[in-house]
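Comments concern the structure below.
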There are 2 protein chains.
Amino acid sequence: MRILTRAERAQLAMVLEVSAYPKPGNVDRCHDYPDTQLEHFLASAIMARPAFESAEKGEGGVGKLIHQAVELTSGHTGGNTHFGAFILLIPLVMGDGIPGALRAARTTTVEDALEFYKAFGKTQVRVIPSHELDVHDPASLETIGKRGMTLYDLMLYSAPRDMVAREWVSGFQMTRRGADLLHAAGCGRQAIVTAFLSLLALEPDTFIVKKHGPEVAARTMEKAREVLEGIRDLQAFDQECIDKGINPGSIADIIIASIYIALGEGWKWDCSGTA
Amino acid sequence: MRILTRAERAQLAMVLEVSAYPKPGNVDRCHDYPDTQLEHFLASAIMARPAFESAEKGEGGVGKLIHQAVELTSGHTGGNTHFGAFILLIPLVMGDGIPGALRAARTTTVEDALEFYKAFGKTQVRVIPSHELDVHDPASLETIGKRGMTLYDLMLYSAPRDMVAREWVSGFQMTRRGADLLHAAGCGRQAIVTAFLSLLALEPDTFIVKKHGPEVAARTMEKAREVLEGIRDLQAFDQECIDKGINPGSIADIIIASIYIALGEGWKWDCSGTA
């Protein structure tokens, strides 16, 4: 059995996450959304590889590589599939784990921030205009430059409203928690579902907050906990989320990072053998 | 929209094929076999990339690159996932299409044959001992060397019993047919299912012949034709194949090659957009 490169591990994490099911509300092996389907996520995982390879070699800054990953994955039209995952995976691959990722995050520059904003502008990521530097407004780029904001500063600025950004400033706490949950839950796709539900029950998904407001996010958390307690049916919960378009996209991004970390620590994605 | 590299196109063909459903008897988005699951195929597609990249750059012979692809994909334990696909894709990527693949195939050497046999020995591919050079017998390698057999000669030798090998000597006829069927069937996963069924109705799958004998293969062909004619239910046919372990693995390999060719000719894998 050969050892995977970090880039391959990142890609594998992306395809394992999207394949696992049922993951309430998200695209998974058994569910699509009309505009974003399983195949878009699989294609995105394949197309992103050169950015991960550069990150593994330490070539290019974090902002530039996130931008590169977004550009590489523009080869499909399923909208934003892995933007949040790239924000987590690029520093994790670059730093070969959480401590190194934090060093990479904390030493980002204004240049990284500008590259990131260019990437952001090319995705269809949901923003709350009143709370964010508007990525579609060229003035935002000027503001970043004037204030001397680094990419780390941008994440700090977004952390209260975005749990992916929060990972950068919290020391990848939920990513770490997800990896521990995977180890505890055993091998394979069932462990991914368990870890996903556990994170969903732990904190409100900020993607849901942006799309549906804090009440819906809180209620989704509660329902995830009820599933874990065995008093709510997982399939029915999944269907309800899908019907209402409630997709915990940020938790999915974090679980991808968790799988990446866990794989590096020997977690078995394949229950049938030693992989 | 950026243009995909040939290596990416090969990988994309592999994940699109395995995701499409229902494909009678094979692993697909909705079905696994106990030892070989969707995730094994996805992991295999990710892990094979360096072999395709070398093929695209023209680095390394056909036999060596097939051997490399097999070794790269030994990072999972799902058994043989894509060996037949590699036999088709490596020359197709190397030659940038069917005419170039045929030139590559016809100019293979004894060295290619030896590399191929080493690769073969590392897979769990089904062989009929009485009809084949035994890949687990070191004497076979000696025989190849003594007889001066090239990899093309080996394919010629296997062609009557193996439809993948037959592609090399027939000018990739079924691969071409599959690509034409994809173009005719329109975009996306439904076209893959239609093309798959059409090839299955056209010729007996030699993988089924090796595993279950010619009668079962012939009957499977007939049933595929009945599905296309609308007089047999596809889902029921799929379930029947799965229950009996009848998996048309060689047709699946050829469809992957067909998708690779069709993608290069502008076939749209994504009905929602322009991908």
The range A:233-250 residues that are farther than 17 Å from A:Pro34 by Cα, paired with ones that are part of a loop (DSSP other than H, G, I, E, B) (beta carbon under 7 Å, 6 or more apart): A:Leu234/A:Pro22; A:Gln235/A:Pro22; A:Phe237/A:Pro24; A:Ser250/A:Asp205
Any idea which residue in the range A:224-236 is nearest to the other protein chains (Cβ to nearest Cβ), counting only those that are out of contact with any Leu (no Cβ under 9 Å at 6 or more places or on another chain) and part of a helix (DSSP H, G or I)? A:Gln235
Given (1) within 14 Å of chain A (Cβ to nearest Cβ); (2) at pLDDT below 95, index of the condition B:Lys23 fails: (1)
For the range A:20-35, which positions are surrounded by fewer than 22 Cβ atoms within 10 Å (Cβ to Cβ) and in contact with a Ser or Thr (Cβ under 8 Å, 6 or more places away or on another chain)? A:Arg29, A:Pro34, A:Asp35
Given the options A:Ile251, A:Ile242, name the one that is buried (at least 18 other Cβ atoms within 10 Å of the Cβ), more than 14 Å from chain B (Cβ to nearest Cβ) and touching a strand residue (DSSP E or B) at 6+ places or on another chain (Cβ under 7 Å). A:Ile242
Looking for whichever is among the small types (Gly, Ala, Ser), crowded, with 23+ Cβ neighbours inside 10 Å and within 13 Å of another protein chain (Cβ to nearest Cβ) here; the options are B:Ala7, B:Ala69, B:Ala85, B:Ala55. Which one fits? B:Ala69
Kindly indicate whether B:Ile46 is part of a helix (DSSP H, G or I) and more than 10 Å from chain A (Cβ to nearest Cβ). no
Criterion violated by B:Thr107 - all others in (1) buried (at least 24 other Cβ atoms within 10 Å of the Cβ); (2) polar (S, T, N, Q); (3) more than 14 Å from chain A (Cβ to nearest Cβ) satisfied: (1)
Among the numbered criteria (1) at pLDDT 95 or above; (2) part of a loop (DSSP other than H, G, I, E, B), which one does A:Gln11 miss? (2)
Checking the structure you have, find out if any residue of the range B:95-102 is surrounded by 21 or more Cβ atoms within 10 Å (Cβ to Cβ), within 17 Å of the chain's Cα centre (by Cα) and more than 18 Å from B:Ala179 (Cα to Cα). no
A:Ser74 is checked against (1) touching a helix residue (DSSP H, G or I) at 6+ places or on another chain (Cβ under 6 Å); (2) within 14 Å of chain B (Cβ to nearest Cβ) and fails just one. What number does that condition carry? (1)
For residues that are under 19 Å from A:Ile90 (Cβ atoms) and touching a residue at least 40 places away in the same chain (Cβ under 8 Å), scanning just the range A:137-161, find the one that is surrounded by the most Cβ atoms within 10 Å (Cβ to Cβ). A:Leu151
Of the residues in the range A:17-41, those that are hydrophobic (A, V, I, L, M, F, W, C) and more than 17 Å from the chain's Cα centre (by Cα) come to A:Cys30
Restricting to the range B:141-171, and then to whatever is under 20 Å from B:Val209 (Cα atoms) and not in a helix (DSSP H, G or I), can you tell me which residue is farthest from the chain's Cα centre (by Cα)? B:Pro160
Expected output for the range A:84-97 (first residue in contact (Cβ under 8 Å) with a residue 24 or more places away in the chain, partner aromatic (Phe, Trp, Tyr) and part of a loop (DSSP other than H, G, I, E, B), Cβ below 9 Å, 6+ apart or cross-chain) is A:Leu88/A:Phe172; A:Pro91/A:Phe172; A:Leu92/A:Phe172
What are the pairs with Cβ atoms under 9 angstrom where one residue, in the range A:186-197, is on the phi > 0 side of the Ramachandran plot and the other, located anywhere, is polar (S, T, N, Q)? Sequence gap at least six, or different chains. A:Gly186/A:Thr194; A:Gly188/A:Ser272; A:Gly188/B:Gln37
Enumeration of residues in the range B:156-185 that are more than 16 Å from B:Ala113 (Cβ to Cβ) and of a type in the set (A, V, I, L, M): B:Met163, B:Met174, B:Ala179, B:Leu181, B:Leu182, B:Ala184, B:Ala185
So is A:Pro50 buried (at least 23 other Cβ atoms within 10 Å of the Cβ), touching a helix residue (DSSP H, G or I) at 6+ places or on another chain (Cβ under 9 Å) and modelled with pLDDT of 95 or more or not? no
Answer yes or no: is there a residue in the range B:250-273 that is assigned to a loop (DSSP other than H, G, I, E, B), polar (S, T, N, Q) and either more than 22 Å from the chain's Cα centre (by Cα) or modelled with pLDDT of 95 or more (or both). yes
Selection from the range A:218-236 of residues that are under 15 Å from A:Ala252 (Cβ atoms) and either modelled with pLDDT under 95 or not hydrophobic (A, V, I, L, M, F, W, C) (or both): A:Thr220
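The values are calculated or read from the model by the stated rules, or taken from the named source; none is laboratory data. Computed from a predicted model, the values in this text were never measured in an experiment. Glycine also receives a Cβ, built like all others from the backbone with ideal geometry; neighbour counts cover every protein chain displayed.
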